[in-house]
């Protein structure tokens, strides 16, 4: 596993998290803009935009990810559609 050169934080440049292990569980139908996620060794989840893999990654705790997914599944994010 790749180890960042500095502590992992929200907005860390995605390349510092390594190139391996990113997955695309969500993708648009236009074939280009995908959200990529990487589960970190400490359980946090990094999120980056596939069209900007060199850009910043948002880093979420397991509780934040769980709360987000629970809310999405229950329709709390439907207003975004």
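The values are calculated or read from the model by the stated rules, or taken from the named source; none is laboratory data. Just so it is clear, the structure is predicted and the values come from calculations on it, not from any experiment. FYI the Cβ positions are ideal-geometry reconstructions off the backbone, even for glycines, and counts take in every protein chain you see.
Condition check ((1) at negative phi; (2) exposed (fewer than 14 other Cβ atoms within 10 Å of the Cβ); (3) modelled with pLDDT under 95) across all residues:
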| residue | (1), (2), (3) |
| --- | --- |
| 6 | yes, yes, yes |
| 9 | yes, yes, yes |
| 31 | no, yes, yes |
| 47 | yes, no, no |
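Would you mind telling me which numbered condition in (1) crowded, with 16+ Cβ neighbours inside 10 Å; (2) over 22 Å from residue 13 (Cβ atoms) residue 66 fails? Among (1) crowded, with 16+ Cβ neighbours inside 10 Å; (2) over 22 Å from residue 13 (Cβ atoms), residue 66 violates only (1).
How many residues does the range 50-73 hold that are in a strand (DSSP E or B) and under 17 Å from residue 18 (Cβ atoms)? Residues in the range 50-73 being in a strand (DSSP E or B) and under 17 Å from residue 18 (Cβ atoms): 4 in total.
A search for C-beta distances below 8 Å between a residue of the range 68-81 that is under 22 Å from residue 58 (Cα atoms) and any residue that is at pLDDT 95 or above and surrounded by 10 or more Cβ atoms within 10 Å (Cβ to Cβ), counting only pairs 6+ apart in sequence or on different chains, returns 68/60; 77/71.
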